[in-house]
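The numbers here are math on the coordinates, done by the rules we state, and not lab data. These numbers come from a predicted model, not from an experiment. Here the Cβ positions follow ideal geometry from the backbone for every residue, glycine too, while neighbour counts run over all protein chains shown.
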Amino acid sequence: MNGELVMKKLSLLADAAKYDVSCVSSGSKRRNTVKGLGNGVACGICHSFTQDGRCVSLLKVLMTNHCIYDCAYCINRRSNDRPRTTFTIKELVRLTINFYRRNYIEGLFLSSGVIKSPDYTMEQMIAVAKELRLGEHYNGYIHLKAIPGASAGLIREAGFYADRLSVNVEIPTEKELKRLAPQKNFKGIFNPMVQIRDGIVANKEERKKFREAPLFAPAGQSTQMIVGATPETDRQILLFSSQLYQAQKLKRVYYSGYLPVNGYDKRLPALPGPPLVRENRLYQSDWLMRFYGFQVHEILDESQPFLDLSIDPKLAYAIRNLHLYPVDVSKADYEMILRIPGVGVQSAQRIIYARRFRRLNSWHLQKIGVVLKRAKYFITCNELPPKIHGFAPDVLKKRILAENRKKGREPQNMQLSLFPVKQMILPPAH
Amino acid sequence: MIQIFTYNNTFGGFLTVVFECYRRGAYPADIRPEARMQRNVFGEHIFIGSDPGKAERVWRGLREKISGKSRDLPFYAFLSEAEGIEMKLYRFIRRVFSEHFNVETDFGDPDVLFLNQMARKVKREAMRMMQFVRFQRAKDGLYFCGIEPQYDVIPLVINHYKKRFPGQKWIIYDLKRDYGIFYNLKEFQELTIAKKEFDTLNGALKDEVLNEEEAFYQNLWRVYFRNINIKERKNLRLQRQHMPQRFWRFLPEMQGQ
């Protein structure tokens, strides 16, 4: 292995892969074999964290950054003049194995630009996974990107080597996708997605009958959407991802704040920086849907296309629905306790357990981990400071915001919200 | 006269003290490890030696009474070595044995809450031993890592590494407590290295014993780490929050930046 060359390739192809958000290694419990190397850990392990605070769990690289497509939002688009290179199968396998043995990574996340045809690209990626699994007896995590337009047989083969498969939607409406990536369409994206879903369901059934049946993508599939490159509203995005969770049984939908990588392309909006706050609010809403039992229409209804950037979506929900509060923590059921701003899943569970033993007061709640600063306006318990309920919604919001500010912790990236964000995000109409 | 029990600073020793308290019908004013003992002129000091049989009985009883999820709670909490953890554990254990419901979820009780929080800290530190251990390959094919966990948690993660790397010899060495676990392809051995061929500050192996490819892969890893970062999203506070600075000196990717 030529050291200099590999170093160069790695720097180029890691740099080209960094815009893929997903870096989790969770969901797979693949066991090691007797003489093998590696295993899956269900909760996932993050091995390092880069300066942007994102976790490094997998060796996330592209097979190649050559690409026949010309998608406006992508750094590797054909019309960009960038140094291009390709990993050989052997180089990738050696890199993965050697990083893995030193406990740098949980596994490999292999994506690729499209060379020649989707099928050819997919074949190359499968070859790497196959060599790792069969040649090196490697049982660690593998995440493969399914290339839109690849044939069904190849997707199926990939599923038997990978722990997770993903197809990136990138743009939440087909019209916008067509505009920014003329060579792509929803059919090419959804065909593999549906196929993977069916494969996973069928495999689960099969493994109930035969314990030793080979695993098919045991960690499920995920996807990613770029936020802020196109004029979709938050409501559209959330409706779309809730469909993906329900109909496609996705494990995760990632939101990637749009980074203006191709500033020269006039089809894209000019942003001062990635819309980090909006991205964060979308993730919070995503969490509300997956862990807090919220429906999209509860987070955003027809009258509000966008999330409130100044407060989190649960607090916004509570302020809009003050008639549901205050919640009595000693009587309310779990679902309602989860809807108190300042109470997370863990505190909610603890409240349910602890209230069997005694009436909880605010001291107990605080110790348990409830953020009383926010929660106090929405609960009743044994004893609370008086005159805390009955505020008008807008007064309450101002009060909570003011209290947060007093703490002196400026929310990051707030320069964005100085502008009316809704208009900033919109690209010129075409 | 108040009674202060002392023990040898092992979990077995502590459980023996619990056993002895029950047997003698005593309620101790304090339980302390011998090493951290401060003489109290008014107290009667009773040292209890560790007795595996007695400890085993208490432990079995506890595991029967505590529900599945929290079964190891007393052990994890004990590992935190927090000041005064023994009396909290003792009161907790008495409650476990005397009451008929699952005391371990009574988060309104300060002792129970504290023990749960300590156990969580210890588990988190054990998780970090899965995250931030970095092996260096030595000339003889051994993979070595020196690291300094806040609590004595390396024994909690060795099964993880055995499952993961059954085909390579490795040592995970606790630099602070000066002992390590060696896996020789069959079983674990606890060992203390007298002749240290590594830097006792950051666990880096000396150049003479390092495999010739090691520097190359460490460099590759650094290159990867630098290039996967998105500069526009810089957020150093978030980085520190997930990856405490006390581990940075053990991580090759954080060197030479």
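Quick one: Cα centre-to-centre distance for region B:1-51 and region A:87-164, in angstrom?
58
Taking the Cα atoms only, what angle lies between the long axis of helix A:393-406 and the longest principal axis of chain A, rounded to 10 degrees?
70
Give me the one-decimal nm value for the distance between modelled label points at B:ASP207 and B:LYS163, 7 Å along each residue's Cα-to-Cβ direction.
Modelled inter-label distance: 4.1 nm.
Hey, what did chain A get for relative contact order, percent, Cα under 8 Å, at least 6 apart?
Once normalised by length, the contact order is 12 percent.
If you plug each phi of region A:140-156 into the Karplus form 6.51 cos²θ - 1.76 cosθ + 1.60 with θ = phi - 60°, what whole-Hz ³J(HN,Hα) values come out, in order, with x for Gly and Pro?
The phi angles translate into x, 7, 10, 10, 10, 8, 7, 7, x, x, 6, 6, 4, x, 6, 4, 4 Hz.
Sort A:GLU302, B:GLU104 so the one with the fewest other Cβ atoms within 10 Å of its own Cβ comes first.
Going from least to most buried by this count: A:GLU302, B:GLU104.
Any chance you could give the angle, 0 to 90 degrees and rounded to 10, that helix B:11-24 forms with the longest Cα principal axis of chain B?
0
What is the set of long-range amide H partners of A:GLY27 at a cut-off below 5 Å, with H atoms built 1.01 Å from backbone N?
Excluding prolines and chain starts, which carry no amide H, the hits are A:CYS43, A:GLY44.
Check A:VAL327: other-chain or 5+ apart residues with amide H under 5 Å from its amide H, H built from backbone geometry?
The answer is A:ILE379, A:THR380.
Given contacts defined as C-alpha pairs under 8 Å and at least six residues apart, what's the relative contact order of region B:3-126, whole-number percent? Each step should come with its number before you reach the end.
Values: 163 pairs, mean separation 32.4, N = 124.
The value is 26 percent.
So what are the ³J(HN,Hα) numbers for region B:143-159, from phi and the Karplus equation (6.51, -1.76, 1.60; θ = phi - 60°), rounded to whole Hz, Gly and Pro as x?
9, 10, 9, x, 8, 10, x, 5, 10, 7, 10, 4, x, 6, 10, 5, 5
Taking the Cα centre of chain A as the origin, how large is its charge dipole in debye, to the nearest 20, when only Lys and Arg (+1) and Asp and Glu (-1) carry charge on their Cβ atoms?
Working: 65 positive and 38 negative charges, 237 e Å.
So the dipole magnitude of chain A works out to roughly 1140 debye.
Which of B:GLU212, B:GLU125 comes first, and how do the rest follow, when ranked by fewest Cβ neighbours within 10 Å?
Result, fewest neighbours first: B:GLU212, B:GLU125.
Quick test of your reading: applying the under-4.7 Å Cβ rule, which cysteines of the protein assembly as shown are isolated?
Cysteines lacking a close Cβ partner in the protein assembly as shown: A:CYS23, A:CYS43, A:CYS67, A:CYS381, B:CYS21, B:CYS145.
Per DSSP H run of at least 4 residues, take -39500 (n - 2.57); add these up for chain A, divide by its residues and hand me the 222 nm value, nearest 500 deg cm²/dmol.
-11500 deg cm²/dmol
For A:THR50, enumerate residues with amide H under 5 Å from its amide H, sequence gap 5+ or separate chain, H modeled in the peptide plane.
The answer is A:VAL56.
Along the Cα→Cβ direction, 7 angstrom out, place labels at B:PHE11 and A:PHE210. What is the inter-label distance in nm?
4.2
Going highest first, how would you order A:342-354, A:83-95 by mean Cβ packing within 10 Å?
Highest mean packing first, the order is A:342-354, A:83-95.
Report, in listed order, any pair from A:LYS367/B:LYS54; A:LYS178/A:LYS314; A:LYS35/A:LYS90 with a Cα-Cα distance greater than 23 Å.
A:LYS367/B:LYS54; A:LYS178/A:LYS314
Step through the residues of region B:217-222 one at a time and calculate ³J(HN,Hα) from phi using the Karplus curve (6.51 cos²θ - 1.76 cosθ + 1.60, θ = phi - 60°), rounding each to whole Hz and writing x for Gly and Pro.
3J(HN,Hα) across region B:217-222, in whole Hz: 5, 5, 5, 4, 4, 5.
Relative to the present Cα-Cα distance, how much length would full extension add between A:LYS175 and A:GLU4 at 0.36 nm per residue of separation?
Numbers: separation 171, 0.36 × 171 = 61.56 nm, distance 4.42 nm.
Length gained between A:LYS175 and A:GLU4: 57.1 nm.
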